[in-house]
Amino acid sequence: MMILVTGATGATGNIGRELTRELDAKGAKLRLLVRDPARAAGLSDRAERVVGDLGEPSTLPPAFDGVDKLFLLTQGIGTDHTAAAVATAEAAGVSHIVHVSSLHVTLVPLPAMARWHHEREEIVRASGIPATFLRPGGFMTNAFDWLPTIREGNHVLDPVGPGRYAPIDPADIGAVAALVLTEAGHQGEEYVLTGDETFTVAEQVRVISGTVGRDIKVREVTTPDEAVRFRFPDGAPQELADAITEGFNLMRADTVGFRTDTVERLLGRKPRTFADWCARNAEAFRRPETF
């Protein structure tokens with residue numbers, strides 16, 4: 001069966017690259033949707049590359065031709081890319097969609113940050129194509145967003161204080177996605193994915209500091225603008241900025257930290273630890289000026 005992977009490069013590549021490696025190792029028949037083939041360098045030598053853009057629906061049919069399963073990962077705050085991919089998948093006769101959503105769609109009431117994910121899930125459901133929804137929490141790789149303030153002042157902005165969460169390594173999301181795409185029995189499932197350890201931001205920074213031998217400071221956020229800078233150092237559209245601020249307020253209120261055992265149940269092993277992730281990415285924090 002042919003598997004089409006979206007989001008293997010660019011800003012969404014954290015999961016897609018890991019998934020591509022997993023599928024390559026399984027010997028899966030694989031195709032990558034790419035806007036720029038050069039950005040797919042270093043990925044599977046076996047995978048087909050087809051140029052297309054989810055933002056330009058007319059470019060998609062060649063990539064979807066003959067595809068049996070679709071891994072769908074979109075970014076931003078809209079639903080147009082999801083709608084274009086799903087419509088093309090319907091026309092191409094795709095039999096299974098594995099869609100990356102968010103843990104936040106499980107919250108009641110639904111926060112603004114989850115609204116776009118919820119709407120995307122509804123687009124997939126309305127298509128009638130059998131689907132599996134992956135709903136990860138915060139990514140370990142979000143720590144890379146701290147590099148600008150580490151470069152500038154050797155500190156990390158902390159918008160959540162006592163709030164705790166269980167970050168997940170995108171490599172684990174990729175491993176779960178590969179399993180779901182290549183084994184039967186996952187259609188119709190909704191998998192909430194987290195790491196196994198809960199942290200405050202300050203605790204994460206201590207792990208990084210200990211790994212790289214650098215005393216990185218933590219500075220508590222005092223304004224909404226600073227909270228947005230924590231996640232998007234270069235700023236964000238107002239609608240997204242408001243959603244981020246709301247999300248951080250919810251995180252601050254959760255002093256226990258929500259986590260699931262889904263990764264362990266599906267993969268038969270514990271999720272990767274934040275310490276392991278830090279060890280693999282130590283150079284970025286040891287020498288942030290080079291990244």
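The values are calculated or read from the model by the stated rules, or taken from the named source; none is laboratory data. For clarity, every value in this text was computed on a predicted model and none was experimentally measured. Quick reminder, even Gly has a Cβ in these numbers, built from the backbone with ideal geometry, and neighbours come from all protein chains shown. Heavy atoms of the whole protein, side chains included, go into the accessibility calculation; ligands, DNA and RNA do not. Shrake-Rupley method; radii C 1.70, N 1.55, O 1.52, S 1.80 Å.
Counted as qualifying within the stretch 1-89 are the strands (runs of 3 or more DSSP E) with 2 or more residues that are of a type in the set (A, V, I, L, M, F, W, C) and out of contact with any Pro (no Cβ under 8 Å at 6 or more places or on another chain), namely 2-5, 29-34, 69-72. Just one of (1) within 17 Å of L181 (Cα to Cα); (2) among the polar types (S, T, N, Q); (3) at pLDDT below 95 fails for S101. It is (3). For the condition at pLDDT below 95, of a type outside the set (D, E) and either open to solvent by less than 10 Å² (accessible area, probe 1.4 Å) or under 21 Å from N249 (Cβ atoms) (or both), V67 does not qualify. Residue count for the stretch 246-270, restricted to those that are closer than 25 Å to F230 by Cα and not in a helix (DSSP H, G or I): 6. Here the condition is being at pLDDT 95 or above, surrounded by fewer than 21 Cβ atoms within 10 Å (Cβ to Cβ) and closer than 25 Å to A175 by Cα; of P130, P162, P136, it holds for P130 alone. Just to be sure before I move on: is A175 in a helix (DSSP H, G or I), open to solvent by less than 20 Å² (accessible area, probe 1.4 Å), touching a helix residue (DSSP H, G or I) at 6+ places or on another chain (Cβ under 8 Å) and under 20 Å from E264 (Cα atoms) in the structure I sent? Here the answer is yes, as A175 does meet what is asked. Residue-level analysis places V218 among those that are in a strand (DSSP E or B), open to solvent by 30 Å² or more (accessible area, probe 1.4 Å) and closer than 22 Å to F291 by Cα. For the stretch 12-50, a tally of residues being in contact with a Lys or Arg (Cβ under 7 Å, 6 or more places away or on another chain) and polar (S, T, N, Q) returns 0. Reported count of residues in the stretch 275-290, each being surrounded by 14 or more Cβ atoms within 10 Å (Cβ to Cβ) and either among the aliphatic types (A, V, I, L, M) or in contact with a Leu (Cβ under 7 Å, 6 or more places away or on another chain) (or both), is 3. A residue that is within 19 Å of I15 (Cβ to Cβ) and within 22 Å of the chain's Cα centre (by Cα) can be found somewhere in the stretch 58-69.
The residues of the stretch 118-142 that are on the phi < 0 side of the Ramachandran plot and assigned to a loop (DSSP other than H, G, I, E, B), listed by number, are I129, P130, G137, G138.
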